[in-house]
Amino acid sequence: MKRLHKSGLRTLQCAAILAAGLVSSSAWAGIYNDGKVLLTGGVFTVDGAGGGGAVPWATISGYETRDGINGSAGFTYVNLPALQVSFYGVNVGLFDRVELSYVDSRLSLNLPNLQTVALVADAAGLDVGTDAWNSTLGMQTYGVKVRLFGDAVYTSDSWIPQVAVGGLYKDNRNVALIHTLGADKTKDYEIYVAATKVLFPISTLVNVTARYTSANEDGLTGFGYCNGGSQTDCHNKRKVRAEVSIAHLVAKNTAIGGEWQQHGSNLDGRSVNVAGLDLSGLTGLLGSAGLGGLSGALTQKKEGDWYDLFMAYAPNKHISFVVAYLMFGNIAVAPAQNGFYFATHLTF
Amino acid sequence: MKRSKISLALATGVTLLVAAAAQPAFAGESKTKPIMGIPSSAVADFGGAYGVHNWVESLFYYIMLDNRINYIFKEFGNVDRQIALNTQLEQMVLGGPNNYQGASMSAAHADLGITMTQFNAVVEAAYNACERNEIKYYACNDLIAALAPFTRVIVTK
Ligand code: HEM
């Protein structure tokens with residue numbers, strides 16, 4: 001037992017020394033690169049891909065050029081009236097060609113109506129994935145992006161943009177709550193094609209992205225929908241949705257701009273699905289508790305497209321900050337969600 | 001056999017002479033064609049010919065401070081000559097007169113094995129030079145747009 005422990009420790013030590021060697025060796029020094037011009041790699045999206053705030057761009061994240069590799073870590077905090085989301089992630093850019101990313105997100109719901117459901121569900125002994133005091137939706141997003149052709153920055157004599165294709169795989173942890181919200185799937189993939197171009201004479205970056213997805217709220221509330229308040233008649237129809245980012249550079253280290261991300265209508269008008277129960281029974285219960293209006297309040301509103309206005313500031317190549325005002329429309333049972341976004345992106 | 005070779009050489013020489021006469025002297029490089037054009041005020045935005053020259057001097061000042069690239073210029077370049085030639089080139093691409101007397105961008109850089117990282121370092125020096133000379137960021141971007149197409153032939157690695 002002791003022997004095993006010792007040899008395990010030794011392996012660990014060896015690994016540590018190896019890792020240290022790798023980092024300090026000239027091989028690494030040769031491959032590490034931070035040669036991109038400030039802000040031209042984009043910042044850290046909520047999906048982990050390099051881009052704007054919500055829209056992935058064709059640029060490869062990090063400051064590496066085709067001569068090496070670079071990586072980054074990002075943290076984003078979104079504060080809306082009915083919910084807060086934290087995103088923690090990392091990504092790596094390889095030779096300005098391939099990008100790999102990972103993000104963990106936590107969305108805390110802060111909805112009086114949903115909390116009431118949680119209280120009732122608690123009382124009735126039902127597991128609907130809610131928690132009366134803190135209903136959380138967690139999701140992990142894995143991403144890969146490949147630059148196909150074009151140079152977003154230097155081909156100023158051609159309209160051909162930089163074009164990349166990317167894939168995202170999203171996996172929600174709170175399966176019960178995703179189903180309570182009426183979605184079909186808790187994990188799914190998305191595919192996107194992005195085209196990015198910097199137009200120097202107007203100091204503006206333009207990006208257009210088409211995403212093939214069935215996501216509800218970017219996947220944070222699942223994918224697709226189920227009819228009739230149960231998990232039997234479910235549909236997960238992916239469609240191509242449009243996204244646009246426009247970033248105007250006011251200085252070499254500061255950009256202001258806006259984004260639009262088209263959303264679907266999977267959950268529009270659907271009632272929150274409480275463990276497959278017909279809500280009428282619950283309504284009676286709620287009625288006697290003086291909460292008669294609740295079943296109406298538990299009907300999900302029309303999912304809004306996401307809009308944001310942002311300002312990004314990169315004092316140097318190691319850190320950047322983004323503040324944004326978000327206009328996300330209705331989210332699940334919460335109407336008109338406008339709020340703030342703060343992100344920081346650390347680049348190595 | 002010999003005769004035909006000589007006459008060929010002669011013919012080539014004459015053709016070259018004619019070609020040289022038809023073009024402005026030493027036109028080693030031509031104006032780029034940015035898709036959105038360069039505003040007619042571009043040279044004036046840099047402070048005229050004199051301003052462009054000052055900017056190029058500042059550019060080389062920042063280049064020579066940057067350890068990622070200065071050794072290349074020390075070894076293969078000639079800073080005074082390059083300042084003079086770049087002043088001509090930048091005026092031309094900004095819409096000024098075409099007085100450029102140097103080599104084409106591909107000929108001048110072909111053997112240097114310049115990487116994208118090194119090219120970007122020069123672009124960073126260009127922005128620093130704009131800031132130092134109080135040339136507006138937007139005017140600076142006109143110049144970047146006008147020079148960007150040369151990336152294709154300058155970056156060979
Ligand atoms: C758009 C960017 C650039 C422009 C407009 C430019 C312009 C010029 C010009 C006008 C010359 C003089 C040609 C002649 O002597 O006839 C030159 C030469 C030279 N350039 Fe560049 N250059 C650029 C980028 C670079 C970069 C990125 C490097 C290296 C990091 C570089 C290194 C050199 C060197 C070493 C020479 C001297 C070559 C020789 O005399 O044989 N240049 N360049």
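Extension gain, A:Thr136 to A:Gln231, is 32.1 nm, computed as 0.36 nm per intervening residue step minus the present C-alpha separation.
Taking 7 Å steps out from each Cα toward its Cβ at A:Thr344 and B:Ala44 produces label points 4.6 nm apart. Here the residues A:Val55, A:Val85, ranked from fewest to most Cβ neighbours within 10 Å of their Cβ, fall in the order A:Val85, A:Val55. Distance from the C-alpha centroid of region A:51-93 to that of region B:49-77: 34 Å, rounded to the whole angstrom. Ordering A:Arg270, A:Arg97 by the number of other Cβ atoms within 10 Å of each residue's own Cβ, fewest first, gives A:Arg97, A:Arg270. Here's how it looks for A:Asp151: its modeled amide H is under 5 Å from those of A:Gln162, which are all 5 or more places away or on a different chain.
Share of pairwise Cα-Cα distances greater than 27 Å in region B:18-157 is 15 percent (whole percent).
Taking 22 Å as the limit for the C-alpha separation, the pairs B:Lys33/B:Lys157; A:Lys317/B:Lys33; A:Lys252/B:Lys136 exceed it in the case of B:Lys33/B:Lys157; A:Lys317/B:Lys33. Residue order for A:Lys239, A:Lys185, fewest other beta carbons within 10 angstrom first, comes to A:Lys239, A:Lys185. Taking label positions 7 Å along the Cα-Cβ direction at both A:Ile160 and A:Asn110, the computed distance is 4.9 nm, reported to one decimal.
With R₀ fixed at 41 Å, the C-beta to C-beta distance from A:Asp122 to A:Val144 puts the FRET efficiency at about 0.50. A Förster distance of 45 Å, applied to the separation of the beta-carbon atoms of A:Ala29 and A:Thr299, puts the FRET efficiency at 0.15. Ranked by the mean number of other Cβ atoms within 10 Å of their residues, highest first, the peptides B:97-108, A:214-225, B:119-130 fall in the order A:214-225, B:119-130, B:97-108.
Counting only residues at least eight positions apart within a chain, or on another chain, the aspartates and glutamates with an alpha carbon under 20 Å from that of A:Lys170 are A:Asp47, A:Glu99, A:Asp104, A:Asp184, A:Asp188, A:Glu190, A:Glu217, A:Asp218, A:Glu243, A:Glu303, A:Asp305. Phi angles across region B:103-111 convert, under the Karplus curve 6.51 cos²θ - 1.76 cosθ + 1.60 with θ = phi - 60°, into 3J(HN,Hα) values of 7, 5, 4, 5, 5, 5, 10, 3, 8 Hz, Gly and Pro given as x. Taking every residue in A:244-253 and counting other chain Cβ atoms within 10 Å of its Cβ, the average works out to 2. Relative to the current alpha-carbon distance between B:Met36 and B:Asp66, full extension at 0.36 nm per residue lengthens the span by 7.6 nm.
Other protein chain C-beta atoms within 10 Å of residue C-beta, averaged over B:143-150: 5.
Determine, from the Cβ-Cβ distance of A:Gln262 and A:Ile191 and an R0 of 22 Å, the FRET efficiency 1/(1 + (r/R0)^6), rounded to the nearest 0.05. FRET efficiency, A:Gln262 to A:Ile191: 0.90.
We did not get these values from a lab; they are worked out from the coordinates using the rules stated. Please read these numbers as outputs of a predicted model, since none were measured by experiment. Note that we place each Cβ from the backbone using ideal geometry, even for glycine, and neighbour counts take in every protein chain shown.
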